[in-house]
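*Asks:* This is the structure I have questions about; it appears just below.
The values are calculated or read from the model by the stated rules, or taken from the named source; none is laboratory data. Note that this is a predicted model, so its numbers are computed, not measured. All Cβ positions, even for glycine, are placed from backbone atoms using ideal geometry, and neighbour counts span all protein chains on display.
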Amino acid sequence: MKSPATLSLETPGAQLVLARRSGVWTFAHLGARCGAAEDLAALASARPYAANHCAEGPMETYPAFGSSRGQGHRRLGNTRGALQVRHADGDVSVDWRCVETRDVPEPSGARHVALVLADRRHPSFRAVQHFLAWNDCDVFETWVELSHGESGPVALSRMDSFCLEATGLGDRFHLLSLSGQWANEAHVAEDELLRGREVVLGSRAGVHDAWENQPAFFLSVGPAPATEESGRVLAGALCWSGVWEIRIRHEWSHELRLSAGAANLSGPYVLEPGRTLVLPKFVFSWSERGKGHASRTLHRWARAHLMPHSAPRDIVFNSWEGVRFDLSEARLASLMDDARALGAECFVVDDGWFGRGRFARNDAAHGLGDWKEDRAKFPRGLARVAQEAKRRGLRLGLWFEPEMADTESELVRDHPDWVLREAGRPLRLQRGGTQVVLDLANPVVRDAVFASVDAAIRAIPGLAYVKWDANADIANAGSPFLGPDRQANLWFDYAAGLCDLLARLRAAHPRLVLQACASGGGRAEFGSLAFADEFWCSDNTCAQQRVLVQWGLSLFYPACAMAAHVTAVPNKQTRRTASLKYRFDVAFSGRLGFELPPDPLSPEETAFARTCASAYKRLRPVVQGGDLHRIASPCEGDHAALLFVSPDKRRAVVAVYGLSRAANDGRLAPLRLSGLAPSLDYRIREINLPRPGTGLHTAFSGKTLRGGALVSAGLPFDLGPGDDSFVLELTATKQQGTHT
Ligand code: GLA
């Protein structure tokens, strides 16, 4: 058999092979790296395809409605494909020919190929499809640029970033995804994807794009879901803070169809001749070593290639849960004293510092959009607050909600046409009964938003941190800027405008630490992490619920990105209480911080908090920059256990959280700490102890054990009833062998 021309994209452990057939590239293989691209392509072309369905074998890399590949209903795109257009002359088909395949040099040495596809009938209609294979982690990135030079606009009713139509991957699939809602984010759901069925994940909110569904998934290939340590997993995520859709279909013939991209809610996107539309990036990964490896791969990729900074994150003290809108210089100064006493390094002034006169931000109904300090609250200005912070050795951060405005603001009073609204219809108002969304599709609005946020940042010397919040959705589906025939472009252009704004902020303030927040975890996704250093996981700060939220998010996102704050009890969302230790231990496995009322803790508690904070400072390179191994799942039992291991495997942190354990319930399997180096000896020490030396959870605290034994037999431990927790620090001893 004659082998087709092949393209092999290889990461250290995975391989994507494309084969050229009839003038286009097709997917031939996605799996473990083995070289042998031509053999893989030959094997793919010889698979027994169902003759009535897919006689031509593997499908092209960017399938469009009307392709000449496939037959019958397939040609007409019943299988959905990635792209559907109406050309300027009314023609609705696209039939690609690959006119160029080029390597794009990457400074990192990663392999990046661009496939230039042109429609056979309208050759100016083009898609440049990019594939990038990283050489230091098993992640592939892909994205598409669409452009044309037709006589008029082209309408795009479907414009996915990626569409994998894979044959031969397997015949059983289990899909793991996360879903939730406000204050109840990131629930893990895993089900078999039955033959002939399609699952659609998506968000239609426009702003809170990661609430209902997360734009990320694991697909286990095989008869049972992959475990943490074994099984084949295709991981995927869309990097887009907008309206999106991911569809995964298990065809009756066992093909897997996976498409992902930005979605249009109110009609086709209208693309002008001469413009290039860059579609969002989709990332995917292949693991032969279960979900744990898939997670660690995404974490490494995000830290190394997506997120702006790799430096360890500060311990943050945020004012919101403690004092809400009730801000003043004296109040903040006293909170800063608390923050310093607790060991925080950055103090964030949350909502309530801005707006003037009748638009002062004393509640959720006023002032959004007017990013000038409220002189009634801060007669000497926020620069003075910054001085107070500096005097205490704290960096300063500030809250903004740049995409939004209140109708009760100078901004909306002066520029009513900067607000998203549907012509001739009443404005639908959101939070506080006054909140509206600004028209980020309009470059003039973006300029104005950038100018006012930038000026506020510059007015505070040394401002180190910005919390970028967003507490409303696109409830008014109209842009005064886009013409009447371009209104459906809003969904995409809003999100693209947001990227533009964030990129400008990043360029103007490269050292700024940015938190993405959208009423909690509404923007906990990779689209945000392209600009932000972290996200706020949830407005629900109840420690017990945070165990579950952080567990779910950890499947895709690294611990350095997960802001986790110790807050007061009873918790504001759940009315539950938890010991200070439990709250600390839970925040310890993310980016630790605080949101506490003034004078929150007794002197003993403050001393305990300081000890925990200093342990966190010592161990944050391991938690924030190490590899996560999930040891015991809170979704399957009554406790969660996490292990973080430094890249050189010499340091590790174990965190265990009980969740309403029954009394005298002895079923505790030892902690098999896979992830440690089998040949190293580790000294084990329990930390975060309210009374040092007492209340130990393992008899091996203070002892040294061989990594191999901890992996193979596991560490025995105790966990009390209710909500008990503990944290261990493991340090490799210099020499191997001496056991105590
Ligand atoms: C949102 C955020 C909170 C807080 C408030 C302020 O709800 O998620 O953390 O910043 O806004 O209004």
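*Asks:* Answer yes or no as to whether G274 is of a type outside the set (F, W, Y) and outside any strand (DSSP E or B).
*Replies:* Here the answer is yes, as G274 does meet what is asked.
*Asks:* Ok, one more. Restricting attention to region 18-43, and to residues there that are among the charged types (D, E, K, R) and surrounded by 15 or more Cβ atoms within 10 Å (Cβ to Cβ), which single residue is modelled with the lowest pLDDT?
*Replies:* Only one residue fits best here, namely R21.
*Asks:* Moving to a separate point now. Go over the candidates D160, D138, D103 one by one and state the one that is touching a Gly at 6+ places or on another chain (Cβ under 6 Å), over 15 Å from K281 (Cβ atoms) and of a type outside the set (A, V, I, L, M, F, W, C).
*Replies:* Being touching a Gly at 6+ places or on another chain (Cβ under 6 Å), over 15 Å from K281 (Cβ atoms) and of a type outside the set (A, V, I, L, M, F, W, C) holds for just one of D160, D138, D103, which is D138.
Yes or no, residue by residue, for (1) assigned to a helix (DSSP H, G or I); (2) within 14 Å of the ligand (Cβ to nearest atom):
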{"residue": "A475", "(1), (2)": "no, no"}
{"residue": "R486", "(1), (2)": "yes, no"}
{"residue": "L490", "(1), (2)": "yes, no"}
{"residue": "D493", "(1), (2)": "yes, no"}
{"residue": "G497", "(1), (2)": "yes, no"}
{"residue": "L505", "(1), (2)": "yes, no"}
{"residue": "A524", "(1), (2)": "no, yes"}
{"residue": "F535", "(1), (2)": "no, yes"}
{"residue": "L548", "(1), (2)": "yes, no"}
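*Asks:* From the list A376, A360, A341, A365, which residue is over 30 Å from K617 (Cα atoms), in contact (Cβ under 8 Å) with a residue 60 or more places away in the chain and out of contact with any Phe, Trp or Tyr (no Cβ under 7 Å at 6 or more places or on another chain)?
*Replies:* Matching residue, one of A376, A360, A341, A365: A365.
To keep it simple, each residue is scored yes or no on (1) modelled with pLDDT of 95 or more; (2) among the hydrophobic types (A, V, I, L, M, F, W, C).
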{"position": "L16", "(1), (2)": "yes, yes"}
{"position": "S67", "(1), (2)": "no, no"}
{"position": "T79", "(1), (2)": "no, no"}
{"position": "D91", "(1), (2)": "yes, no"}
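*Asks:* Go over the candidates R591, R610 one by one and state the one that is modelled with pLDDT of 95 or more and crowded, with 21+ Cβ neighbours inside 10 Å.
*Replies:* Checking each option against the conditions leaves just R591.
*Asks:* Does R395 qualify as being among the charged types (D, E, K, R), away from the ligand (no atom under 14 Å from the Cβ) and more than 28 Å from A615 (Cα to Cα)?
*Replies:* When the stated conditions are applied, R395 does not pass them.
*Asks:* S230 - would you say it is among the polar types (S, T, N, Q), buried (at least 23 other Cβ atoms within 10 Å of the Cβ) and in contact (Cβ under 8 Å) with a residue 40 or more places away in the chain?
*Replies:* When the stated conditions are applied, S230 does not pass them.
*Asks:* Could you tell me whether region 333-340 includes any residue that is polar (S, T, N, Q), more than 16 Å from the ligand (Cβ to nearest atom) and surrounded by fewer than 18 Cβ atoms within 10 Å (Cβ to Cβ)?
*Replies:* yes
*Asks:* Hey, any hits in region 683-704 for a residue that's under 25 Å from K291 (Cβ atoms) and either in the same structural domain as R546 (by TED's automatic domain parsing) or in contact (Cβ under 8 Å) with a residue 24 or more places away in the chain (or both)?
*Replies:* Checked region 683-704: no residue is under 25 Å from K291 (Cβ atoms) and either in the same structural domain as R546 (by TED's automatic domain parsing) or in contact (Cβ under 8 Å) with a residue 24 or more places away in the chain (or both).
*Asks:* Among what's in region 297-320 and is surrounded by fewer than 20 Cβ atoms within 10 Å (Cβ to Cβ) and over 23 Å from A14 (Cβ atoms), pick the residue that is farthest from the ligand (Cβ to nearest atom).
*Replies:* So the residue we want is S310.
*Asks:* Of everything in region 252-271, what is under 21 Å from A226 (Cβ atoms) and part of a loop (DSSP other than H, G, I, E, B)? Give them in sequence order.
*Replies:* H254, E255
*Asks:* Please work out which one of (1) touching a residue at least 12 places away in the same chain (Cβ under 8 Å); (2) surrounded by fewer than 24 Cβ atoms within 10 Å (Cβ to Cβ); (3) assigned to a helix (DSSP H, G or I) is the condition A294 fails and give its number.
*Replies:* (2)
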